[in-house]
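Novice: Questions regarding the structure given below will be posed in turn.
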Amino acid sequence: MTTAITSIDSQHTEMVHDCQFDYYSKKMATCSSDRTIKIFDVSGDIYHNSFTITGFDGPVWQVAWAHPKFGSVLASCSYDGTVAIHRENPQNTWVKIYDHKFHDSSVNSISWASHEYGLLLACASSDGRVSILEYKNSTWSEIFFQNDTLGCNSVSWAPYTPATSHSDDGSFIYRLVTGSCDNVVRVWKRLENSPSGWVEESKSCATPHTDWVRDVAWAPSSSLPYSMFASGSEDRSVYIWKQTERGWEPSLLRTFDAPVWRLSWSVTGNVLAVSTGDHKVTVWKQAVDEAWLQISALDEAE
């Protein structure tokens with residue numbers, strides 16, 4: 001059993017929903033039902049709360065750091081149906097640079113695309129729509145597509161790879177995966193400048209999940225000759241999906257003892273962390289033969 005190396009006082013007054021380090025692990029952002037985001041400066045084991053972002057009308061579900069080539073930029077999504085984007089300017093002062101108020105219901109998940117694509121943010125909402133924000137030529141633009149009718153819980157971009165992220169004419173190929181309240185995992189594809197918009201890719205089965213899909217996470221680029229992502233559900237299962245000639249094909253990682261809430265990949269793309277509703281986190285690693293082995297576990301009660 002793994003033990004925690006440090007404990008941090010988040011200084012939130014209600015439940016904490018997300019915690020994310022920036023690219024260099026020098027800053028950490030947390031968000032909470034207390035309707036705030038707290039920014040921490042990190043130096044070794046010292047975490048200093050340098051700023052608190054307020055102004056939300058509901059719980060803040062997720063935070064996400066953009067790649068540092070775009071500066072110190074943080075996105076967040078809230079139950080109030082908005083997506084807020086803040087930039088640090090000057091140091092330890094955070095200013096809102098964009099307020100996305102497109103969705104009719106809670107925005108449950110956000111995900112930045114790989115920096116090679118530019119500054120693009122996907123937003124998944126309980127209204128069943130996924131919106132894409134792009135900052136280009138000093139202007140924010142918005143497009144959207146209908147993912148489902150019951151509500152979208154999670155979204156994740158495919159990583160950029162030179163071999164799979166360009167069409168024959170050199171234009172970008174975008175992909176993302178979503179998880180929804182209709183128990184379905186969907187993979188979407190769009191060609192840059194294509195008038196047809198986002199098109200769903202085929203799967204080898206309709207859906208292996210029998211309850212809400214709580215989270216999806218696309219694995220970073222690895223040495224494997226195929227794309228891969230994970231899905232976790234209220235039905236307590238985690239599936240690993242890989243692209244084959246028959247389409248996207250799922251294989252069961254494990255059925256857990258409680259609903260699966262969040263998934264997180266290592267930067268190498270072969271280690272997956274799974275958090276479940278019984279306050280446990282397990283870590284899984286893909287072996288050379290592509291089998292998945294549990295290598296660590298953390299129980300909050302320990």
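The values are calculated or read from the model by the stated rules, or taken from the named source; none is laboratory data. A quick note: this is a predicted structure, and the numbers were derived from the prediction, not measured. Heads up, the Cβs are rebuilt from the backbone with ideal geometry, glycines too, and the neighbour counts pull from every protein chain shown. Note: accessible area is taken over every heavy atom of the protein model, side chains too, but ligands, DNA and RNA are not part of it. Shrake-Rupley method; radii C 1.70, N 1.55, O 1.52, S 1.80 Å.
Novice: Tell me the label-point distance for the pair GLU116, LEU298, using the 7 Å Cα-to-Cβ offset, in nm and rounded to one decimal.
Specialist: Calculated label separation equals 3.1 nm.
Novice: Around VAL267, what is the net charge, scoring Lys/Arg as +1 and Asp/Glu as -1 over all other residues with Cβ under 14 Å from its Cβ? Write down the numbers at each step before the final one.
Specialist: Numbers: positive: LYS285; negative: ASP22.
Residues close to VAL267 contribute a combined charge of 0.
Novice: Rounded to the nearest whole Å², what accessible area per residue is found for the chain with the 1.4 Å probe? Numbers along the way, then the final one.
Specialist: On the way: 14520 Å² over 302 residues.
On a per-residue basis, 48 Å².
Novice: Here's something else I'd like to know. From largest accessible area down, sort LYS38, LYS101, LYS242, LYS136; use a 1.4 Å probe on the protein chains.
Specialist: Working: LYS38 20, LYS101 145, LYS242 70, LYS136 115 Å².
From most accessible down to least: LYS101, LYS136, LYS242, LYS38.
Novice: A further question follows. Please report, to one decimal in angstroms, the Kirkwood hydrodynamic radius of the stretch 148-302 built from all distinct Cα-Cα pairs.
Specialist: Numbers: mean 1/r = 0.0620 Å⁻¹.
By the Kirkwood definition, the hydrodynamic radius is 16.1 Å.
Novice: Subtract the Cα-Cα distance of HIS279 and LYS101 from 0.36 nm times their separation in residues, and report this length gain in nm to one decimal. Numbers along the way, then the final one.
Specialist: On the way: separation 178, 0.36 × 178 = 64.08 nm, distance 3.32 nm.
Computed gain between HIS279 and LYS101 is 60.8 nm.
Novice: Ratio of Rg to Rh for the stretch 1-57, alpha carbon only, Kirkwood? Walk me through the numbers before you get to the answer.
Specialist: On the way: Rg = 11.9 Å, Rh = 12.1 Å.
That ratio is 0.99, to two decimals.
Novice: Right, another one. How far, in nm, would the chain grow between ARG87 and SER43 when pulled straight, counting 0.36 nm per residue and subtracting the alpha carbon separation? Write down the numbers at each step before the final one.
Specialist: Details: separation 44, 0.36 × 44 = 15.84 nm, distance 2.08 nm.
So the chain would gain 13.8 nm between ARG87 and SER43.
Novice: Treat the stretch 112-166 as a sphere of radius equal to its Kirkwood radius over Cα pairs and apply Stokes-Einstein at 10 °C in a medium of 1.306 mPa s; give the translational diffusion coefficient in µm²/s, rounded to a whole number. Mind dumping the intermediate values first?
Specialist: On the way: Rh = 12.3 Å.
Using the Kirkwood radius from Cα pairs, D works out to 130 µm²/s.
Novice: Give, to the nearest whole percent, the P(r) tail of the stretch 88-208 beyond 16 angstrom, counting all Cα pairs. Each step should come with its number before you reach the end.
Specialist: On the way: 4689 of 7260 pairs.
Every Cα pair in the stretch 88-208 considered, those over 16 Å come to 65 percent.
Novice: Also, I was wondering about something else. Given the Cα atoms of the stretch 222-289, and with Rh set as the inverse mean 1/r over their pairs in the Kirkwood sense, what is Rg to Rh to two decimals?
Specialist: Working: Rg = 12.2 Å, Rh = 12.6 Å.
Looking at the stretch 222-289, the ratio lands at 0.98.
Novice: Taking only the alpha-carbon atoms of the chain, what semi-axes of the equivalent ellipsoid follow from 5 times the gyration tensor eigenvalues under a square root, in whole Å, largest first? Write out the running numbers ahead of the final one.
Specialist: Working: eigenvalues 151, 126, 72 Å².
So the equivalent ellipsoid measures 27, 25, 19 Å along its semi-axes.
Novice: Share of the stretch 163-262's accessible area from carbon and sulfur, percent, 1.4 Å? Please report the intermediate quantities before stating the final value.
Specialist: Working: 2190 of 4610 Å².
Roughly 47 percent of what the probe reaches on the stretch 163-262 is carbon or sulfur.
Novice: Let me ask something additional. Report D for the stretch 1-147 in µm² per second (integer): Stokes-Einstein, Kirkwood Rh on Cα pairs, 37 °C, 0.692 mPa s.
Specialist: On the way: Rh = 15.8 Å.
After rounding, the answer is 208 µm²/s.
Novice: Please report the relative contact order for the stretch 217-302, taking Cα pairs under 8 Å with a sequence separation of at least 6, and give it as a percent rounded to a whole number.
Specialist: Values: 181 pairs, mean separation 17.7, N = 86.
After rounding, I find 21 percent.
Novice: Counting pairs of alpha carbon atoms under 8 Å apart in space and at least six apart in sequence, what relative contact order in percent does the stretch 164-274 give? Let's see the in-between values first.
Specialist: Numbers: 251 pairs, mean separation 22.4, N = 111.
Relative CO of the stretch 164-274 lands at 20 percent.
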